[in-house]
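Below is one structure, written out as structure tokens; comments come after it.
The values are calculated or read from the model by the stated rules, or taken from the named source; none is laboratory data. If you're wondering where the values come from, they're calculated on a predicted model, not measured in any experiment. Cβ placement follows ideal geometry from the backbone for every residue including glycine, while neighbour counts extend to all protein chains displayed. With ligands, DNA and RNA removed, areas are computed over all heavy atoms of the protein, side chains included. Shrake-Rupley method; radii C 1.70, N 1.55, O 1.52, S 1.80 Å.
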Amino acid sequence: MPDRQQMVLIIDFGSQVTQLIARRVREGGVYCEIVPFNSAEDAFSKMNPAAVIFSGGPGSVPQEGSPRAPESMFESGVPILAICYGQQTLCAQLGGLVEGGHHREFGRADLEILKSSPLFEDMWQVGGKYPVWMSHGDRVTQLPDGFEVVAHSPNAPFAIAVDEKRKYYTTMFHPEVVHTPDGAKLLSNFVHRIAGLDSNWTMAAYKQQAIAAIRDQVGDKRVICGLSGGVDSSVAALLIHEAIGEQLTCILVDHGLMRMNEAKEVVAMFEEHYSIPLVHVDASDMFINALEGEADPETKRKTIGALFIDVFEEEARKLGGADFLAQGTLYPDVIESVSFTGGPSVTIKSHHNVGGLPQRMNMKLVEPLRELFKDEVRVLGRELGLPDSFVGRHPFPGPGLAIRCPGGITRDKLEILRKADAIYLDEIRRAGLYDTIWQAFAVLLPVQTVGVMGDSRTYEFVCALRAVTSVDGMTADFYPFDMNILGRAATRIINEVQGINRVVYDVTSKPPGTIEWE
């Protein structure tokens, strides 16, 4: 969709923070995409990018069969930035030497600048020392011909090594993480000063390109869009409607696993503000009957996904057929559904149809948000005119409350959870924190405890509360609540929700990956 001559291709060697490289590049106004190393050659040939970045990874270059970059990239003349494992494989493939068994380096390190380079121009001065973040066991011990060292650290003699003539730049540290304070500037220097790319990645431009792509893909065919009640599917629906108008029909499947009054709110918004045909299907009995007593989270996801397909098929039949099914798949969904080796993941994003639809369905997917991160979808939503109150809604998973109710599902447990969740969010709004927190929700644990309430002894469920801060949904940290706010929420839940006698707060932080609770 974007101009390939103005894009960066990121080769993923399996690092947990590869997605952060993409975030930093896009924050600089430059479009980029991530591909696994073992499909990089084909992607490079098709995309013809202006620059390439090699990510880090868990592999060991000296080991036989460890990941490598396509040789065609070195023959192309495009600028390359290689990070950590990327530095090691680049050096090894160009005739250098990488060895294990040296002093490992994980965490903060002081980088000393030895020579100037466009990579850190207007950032770091020769002779200065600057904090960076290291994460490596192996290291380069001999550089290829043409390279020189421009910075080192106590345990990384080749912390930055470059070949200015061929525009190869390598770092042993990770510039993409926040623990390298100037890392975003370094990445910006690479894409702007070295690769010469403009900051033309804007949501207004993306919107027009996406509309053109949807029209080209769909033509005069009919599309049905599955609304989940969340931001992603709503933005996808508005974007597709702007592209093809009445060829789109939205279907909101109420599976009985939505938040309090959510289905009514979504229907009201689409009926009052947008002239998009909408079918509201109450399929709660079908879904909850199928899930009753089911405890395995993966089975829950697959059951819900299969039932959604069944409902969409039936509704499409009632409408006289449809050629395309639209959904709000995001870039993190795509990334996390591809394993380190490029194969399909069986545990991370199985409720999303990122791998395609069942053959029997005879429909093709339309996924206009597939290239966007969550925060970018919010920007696009505002570009499309969605009200801030809706654009800023906390993310809600496709399987809904089913995965916030670990253990066996029952109607009673879902209703208890729905009420507790609504009270928790109400207290967060009253405290003026809803827009500060990226996602907050209640979880009904499969644990019952003895408690004393008044003069009676109770045996009821434990409710866990979770709230996290995040930018793109790839990483998350718990929100440091004032205990008075948590106290008010807990008191209300215990007093107003029959079935809960204890409330706890989850302070788990998450690396890249799902931030839901299962």
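Accessible area per residue of the chain at 1.4 Å probe, in Å²?
I get 41 Å² per residue for the chain.
Helix-only estimate, please: 222 nm mean residue ellipticity of the chain, summing -39500 (n - 2.57) across DSSP H runs of length 4 or more and dividing by its residues, to the nearest 500. Don't skip to the answer; put the middle values down first.
Details: 15 runs with 165 residues, N = 518.
So the helix-based figure for the chain works out to -9500 deg cm²/dmol.
Across the options G219, I403, L291, the greatest Cα extent toward the positive end of the charge dipole of the chain (unit charges at beta carbon of Lys, Arg, Asp, Glu) belongs to I403. Checking the a/c ratio against 1.5 first, then a/b against b/c, what shape does the Cα gyration tensor give for the range 185-285? Prolate shape, in that a/c is at least 1.5 and a/b is the bigger ratio. The alpha-carbon positions of the range 407-487 define a convex hull whose volume is 126 Å³ per residue.
Calculate what fraction, in whole %, of the accessible area of the range 1-139 sits on carbon and sulfur atoms when a 1.4 Å probe is rolled over the protein chains.
Working: 2410 of 5500 Å².
Of the solvent-accessible surface of the range 1-139, carbon and sulfur hold 44 percent.
Full extension of the chain segment joining A213 with R457 gains 81.6 nm, where the gain is 0.36 nm per residue of separation less the Cα-Cα distance. Note: relative contact order over the range 1-111, using C-alpha pairs below 8 Å and six or more positions apart, is 28 percent. Could I get the Rg over Rh figure for the range 60-171? Both from C-alpha atoms, Rh via Kirkwood, rounded to two places. Using Cα coordinates only, the ratio equals 0.95.
Reducing the range 60-76 and the range 106-148 to their Cα centroids gives an inter-centroid distance of 22 Å.
Gain on full extension, evaluated as 0.36 nm per residue between T436 and D375 minus their Cα-Cα distance, stands at 20.6 nm. Straight-distance candidates among the aspartates and glutamates for linking to K129, with alpha-carbon spacing under 16 Å and chain neighbours fewer than 8 residues away dropped: D110, E112, E121, D182. Using every pair of separate Cα atoms, the Kirkwood estimate puts the hydrodynamic radius of the chain at 25.0 angstrom.
Over the range 1-141, the pair-distance histogram of Cα-Cα distances with 10 Å bins from zero comes to 11, 38, 38, 13, 0 percent, rounded to whole numbers.
Going by the alpha-carbon gyration tensor, a ≥ b ≥ c the square roots of its eigenvalues, is the range 273-327 rounded (a/c under 1.5) or, if a/c is not under 1.5, prolate (a/b greater than b/c) versus oblate? Cα axes put the range 273-327 in the prolate bin. Applying a threshold of 21 Å to the alpha-carbon distances of K300/K374; K115/K185; K221/K318; K46/K374; K207/K318; K207/K374 flags K300/K374; K46/K374; K207/K318 as lying beyond it. Semi-axes of the equivalent ellipsoid for the range 10-87, computed as √(5λ) from the eigenvalues of its C-alpha gyration tensor and ordered from largest down, come to 19, 16, 10 Å.
Loop-located trypsin sites (Lys or Arg not before Pro) across the range 379-409 with a Cβ neighbour count of 14 or fewer within 10 Å are lacking, with loop assigned by DSSP. For the range 106-163, GluC sites (Glu not before Pro) are listed when DSSP marks them as loop and at most 16 other Cβ atoms sit within 10 Å of their Cβ; the list is E121.
Using 0.36 nm per residue and subtracting the Cα-Cα separation, the extra length available between M269 and V447 on full extension is 60.3 nm. For the range 52-127, the list of trypsin sites (Lys or Arg not before Pro) that fall in a loop by DSSP and count at most 12 other C-beta atoms within 10 angstrom reads K115. Computed as a quarter of the hull surface, the mean projected area of the alpha carbon convex hull for the range 24-68 stands at 3.9 nm². Using the beta-carbon distance between F478 and D388 and R0 = 25 Å, what value does 1/(1 + (r/R0)^6) give for FRET efficiency, to the nearest 0.05? Taking R0 as 25 Å, the efficiency between F478 and D388 is 0.50.
Measuring nothing but how far apart in sequence close Cα pairs (under 8 Å, 6+ apart) lie, relative to its length, the chain scores a relative contact order of 11 percent.
Dividing the mean sequence gap of close Cα pairs (under 8 Å, 6+ apart) by how many residues the range 79-187 holds gives a relative contact order of 33 percent.
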